[in-house]
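Visitor: The structure's right below; bear with me while I get my questions together.
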Amino acid sequence: MKPLDFRRTTELSRGRGLALFLDFDGTLSPHGPDGDRSAPLPAARAALAILTRKTGVRVSVISGRTVGDLRKRIGLSGVTYAGNHGLIIDGPGAEFEHPLSSVLNHAVGIAAGLIRGRLKAHAGATVCHNGLSLSLNVGMMTPAGRRAAASIVDSLANELQGLRLRWQKGHLGWDLLPEVGWTKGDALAHLMARAPGALAVAVGDGLSDEPMFERVRKAGLAIRVGQSRTSAANWFVHSPREVAALLKAIA
């Protein structure tokens, strides 16, 4: 993994279409203890506004958040929003909903009730029920509270497998994801079918972004926010501020 040379990105995309696939938390928006306050950096949003108006450029945001939440926080009509890790997609000329959505919504609802019940005695935990997935944010908890939350996550693992759900560690807690053979990488491939021949650029910072990196690393650019020896990404930037600088350079 090498530090990204911004000039390489602009040179590669010259004369070709460009398909951008961006994570939200930790990529367009810095991580913070309270996810409800997350917002894209102003410079990143300004660059996206320009990019969505350029011919041959497609911008997609693929996140664990819901489509509605992403649309509210970013507020750009030219962006394709892929929520719940790509299980639901909505944007210009793109609509998709995973066929197991109704089953998953019911299962995640059951899981949310279990988790909230067991966390009731521990202050600071935030359970975000995103419909087809769930996020447990422990950024506002005490160290003792975080240890208790980790124990609860472990104790629930077997029960949740029966609901076709699994835990995945995140920056500020855990994500509860469906086991249905669909990842952010599958959402990226679905959207790339609309942009044949375009240069694919995937940018993200977490484990759930690795399937995107695996999809594009050979024919496009897989860019991780933060260096990692185990990531499938072939380039890295240091922070969301550098992501904003990259978007500005492309725009």
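Read-outs: derived from the displayed coordinates by stated rules, not from any lab. Since this is a predicted model, take the numbers as computed values, not measurements. Cβ sites come from the backbone with ideal geometry, for glycine too, and all protein chains shown count toward neighbours.
Visitor: Under 11 Å from the Cβ of SER208, count the other residues' Cβ atoms, weight Lys and Arg +1, Asp and Glu -1, and hand me the total.
Guide: Working: positive: LYS169, LYS184; negative: ASP23, ASP25, ASP175, ASP205, ASP209, GLU210.
Net charge in that neighbourhood comes out at -4.
Visitor: In Å, what Kirkwood hydrodynamic radius results for the range 101-178 from the alpha-carbon pair distances? Don't skip to the end; give the middle numbers.
Guide: Numbers: mean 1/r = 0.0813 Å⁻¹.
So the Kirkwood estimate lands at 12.3 Å.
Visitor: Got the relative contact order for the chain handy, in percent, Cα pairs under 8 Å and 6 or more residues apart?
Guide: Numbers: 486 pairs, mean separation 63.4, N = 251.
Relative contact order here is 25 percent.
Visitor: Mind giving me the FRET efficiency for ALA150 and ILE50? R0 is 35 Å, r the Cβ-Cβ distance, nearest 0.05 is fine. Don't jump to the answer; show the numbers that get you there.
Guide: Details: r = 42 Å, r/R0 = 1.21.
In this case the efficiency is close to 0.25.
Visitor: Could you state, as a whole-number percent, how many of the C-alpha pairs of the range 31-132 are farther apart than 22 Å? Walk me through the numbers on the way to the answer.
Guide: Details: 2123 of 5151 pairs.
Considering the range 31-132, 41 percent of its Cα-Cα pairs are separated by more than 22 Å.
Visitor: Next question. Rank ALA82, ALA121, ALA19 by mean-square fluctuation in a GNM of the chain with C-alpha springs under 10 angstrom and give only the top-ranked residue.
Guide: Highest fluctuation of the listed residues: ALA121.
Visitor: Right, another one. Report the antiparallel proportion of the DSSP beta bridges in the chain as a percent, rounded to a multiple of 5.
Guide: Details: 20 of 43 bridges.
Antiparallel: roughly 45 percent of the beta bridges in the chain.
Visitor: Tell me the net charge near GLU97. Cut-off is 14 Å between Cβ atoms, GLU97 excluded, with +1 for each Lys or Arg and -1 for each Asp or Glu. All intermediate terms of the calculation are to be shown ahead of the outcome.
Guide: On the way: positive: none; negative: ASP90, GLU95, ASP186.
That sum, taken over residues with Cβ under 14 Å, equals -3.
Visitor: Another question, if that's okay. State, to one decimal in nm, how far the label point of ALA219 lies from the label point of ALA157, with both points 7 Å from Cα in the Cβ direction.
Guide: Computed distance between label sites ALA219 and ALA157 equals 3.7 nm.
Visitor: Can you find, among LEU114, PHE96, SER231, the residue sitting farthest towards the positive end of the charge dipole of the chain, where Lys and Arg contribute +1 and Asp and Glu -1 at Cβ?
Guide: Of the options given, the answer is SER231.
Visitor: Taking other Cβ within 10 Å of each residue's Cβ, how do THR230, THR183, THR52, THR27 sort, fewest first? Don't skip to the end; give the middle numbers.
Guide: Values: THR230 7, THR183 22, THR52 19, THR27 28.
By the 10 Å Cβ count, ascending, the order reads THR230, THR52, THR183, THR27.
Visitor: Here is a further query. Spelling out what I want: for every residue of the range 53-65, take phi, set θ = phi - 60°, compute 6.51 cos²θ - 1.76 cosθ + 1.60 (Karplus), and round to whole Hz; glycine and proline get x.
Guide: Residue by residue, the range 53-65 yields 9, 8, 5, x, 10, 10, 10, 10, 10, 10, 9, x, 5 Hz.
Visitor: When the helices in the chain are scored as -39500 (n - 2.57) per DSSP H run of 4 or longer and the sum is shared across all residues, what 222 nm value do you end up with, to the nearest 500 deg cm²/dmol? Each step should come with its number before you reach the end.
Guide: Details: 8 runs with 91 residues, N = 251.
Value at 222 nm, helices only: -11000 deg cm²/dmol.
Visitor: Take each of the peptides 207-219, 56-68, average the number of other beta-carbon atoms within 10 Å over its residues, and list them starting from the highest.
Guide: Details: 207-219: 20.5, 56-68: 23.1.
Answer by packing, highest mean first, reads 56-68, 207-219.
Visitor: What does the charge count near ALA198 come to, summing +1 for each Lys or Arg and -1 for each Asp or Glu among other residues with Cβ under 11 Å from its Cβ? Spell out each step's value before the answer.
Guide: On the way: positive: ARG16, ARG58, ARG194; negative: none.
Net charge in that neighbourhood comes out at +3.
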